[in-house]
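Engineer: Would you mind keeping the following structure in view while I ask a few things?
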Amino acid sequence: MSDVEKSGFLSKVIGPKKRWRAYKARVKELPGNHRTAVEAIERYLMHFVPTDEDSNASMFEDLADLFEQAAADGTPIREIVGEDPVEFVNAFAENYSEGGYVPARARKQLTDDIERAERAAGNETGTEDKTV
Amino acid sequence: MTKLETEMLKGTLEGIILASLAGRPAYGYEITVRLREQGFSDIAEGTVYALLLRMEKRGLVDVQKVPSEKGPPRKVHSLNDEGREYLEEFWRTWSFLTERLEQLREGGR
């Protein structure tokens, strides 16, 4: 992962190269099992659709913050990630990916399409909007 | 923790954390420990941390970096006015829900 493109998709996933390298350097300093856990979480995070470079860089920096602090406190891995690591990482990633596995444009499209369908139905029957 | 408990906690954990912060400011690990002592025994530190980040982004808590004896500086979270307002709304909603659920339980007897 050291030779990443300056721009393009990868930089969108990991953020600016400089911040990525700084993050990686921090991970390297973690005690063995904490490091392994961060790298596993990092791999999983790659599946999320990135929103922008800045927020994705922050995501990894915040991850490093958590594990550095936890390592200093001597918190065992299981107490950091919980019984269901997927749940934890999903909650964590939601802060940066606008809460989804789908691109923002797909969510916008769904919202727009439903609104359009609703309006069309309203025109046909002449009923008022009954949105709750 | 049972599956049901986990599911039900999910929607309320944010309010629980805010309620804990209403007492006094704290950093992530401190909150986790506090909640565990209060009986939320299986709460993961990471989950609390993720929710704290979210509240920070939504402007419900103020964050101050405080140097620690060991390791990196700790982020100490305190409830601000917006967070207090949100917490009040949380308690209102909670009362509403428990009331309705009690009614359902009595009706089902």
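Engineer: Would you confirm, using the coordinates I've provided, whether A:E61 is facing chain B (nearest Cβ under 9 Å), touching a helix residue (DSSP H, G or I) at 6+ places or on another chain (Cβ under 8 Å) and of a type in the set (D, E)?
Structural biologist: Criteria not met by A:E61.
Engineer: A further question on this structure: For B:T32, state whether it is polar (S, T, N, Q), within 14 Å of chain A (Cβ to nearest Cβ) and surrounded by fewer than 15 Cβ atoms within 10 Å (Cβ to Cβ).
Structural biologist: Answer is no for this residue.
Engineer: While we're here: Could you count how many residues in the range B:66-78 are more than 10 Å from chain A (Cβ to nearest Cβ), loosely packed, with under 15 Cβ neighbours inside 10 Å and not hydroxyl-bearing (S, T, Y)? Talk me through it step by step, then tell me what you get.
Structural biologist: So in the range B:66-78, the residues more than 10 Å from chain A (Cβ to nearest Cβ) come out as B:66-67, B:76-78.
Narrowing further to those that are loosely packed, with under 15 Cβ neighbours inside 10 Å: B:66-67, B:78.
Now restrict to residues that are not hydroxyl-bearing (S, T, Y): B:66-67.
So the count comes out to 2.
Engineer: Residues that are of a type outside the set (S, T, N, Q), more than 10 Å from chain A (Cβ to nearest Cβ), outside any helix (DSSP H, G or I) and surrounded by fewer than 10 Cβ atoms within 10 Å (Cβ to Cβ): does the range B:41-60 have at least one?
Structural biologist: no
Engineer: Here is a follow-up. Here are some residues: B:L18, B:L9. Which one is assigned to a helix (DSSP H, G or I), in contact with a Gly (Cβ under 7 Å, 6 or more places away or on another chain) and either within 14 Å of chain A (Cβ to nearest Cβ) or crowded, with 21+ Cβ neighbours inside 10 Å (or both)?
Structural biologist: B:L18
Engineer: Within the range A:63-91, can you find the residues that are among the acidic types (D, E) and either more than 28 Å from B:E7 (Cβ to Cβ) or in contact with a Leu (Cβ under 6 Å, 6 or more places away or on another chain) (or both)?
Structural biologist: Of everything in the range A:63-91, those that are among the acidic types (D, E) and either more than 28 Å from B:E7 (Cβ to Cβ) or in contact with a Leu (Cβ under 6 Å, 6 or more places away or on another chain) (or both) turn out to be A:D65, A:E68, A:D73.
Engineer: B:R36 is checked against (1) farther than 14 Å from A:V81 by Cβ; (2) modelled with pLDDT under 95; (3) part of a loop (DSSP other than H, G, I, E, B) and fails just one. What number does that condition carry?
Structural biologist: It is condition (3) that B:R36 fails.
Engineer: Select from the range A:18-38 the residues that are among the hydroxyl-bearing types (S, T, Y) and without any contact (Cβ under 8 Å) to a residue 24 or more places away in the chain and list them in ascending order.
Structural biologist: Across the range A:18-38, the qualifying residue is only A:T36.
Engineer: Need a quick list: helices (runs of 4 or more DSSP H) entirely within the range A:1-120 having at least 2 residues that are touching a Pro at 6+ places or on another chain (Cβ under 6 Å).
Structural biologist: Where helices (runs of 4 or more DSSP H) fall fully within the range A:1-120 and carry at least 2 residues being touching a Pro at 6+ places or on another chain (Cβ under 6 Å), they are A:9-14, A:53-73.
The values are calculated or read from the model by the stated rules, or taken from the named source; none is laboratory data. Worth saying up front: this structure is predicted, and the values here are computed from it rather than measured. Note that we place each Cβ from the backbone using ideal geometry, even for glycine, and neighbour counts take in every protein chain shown.
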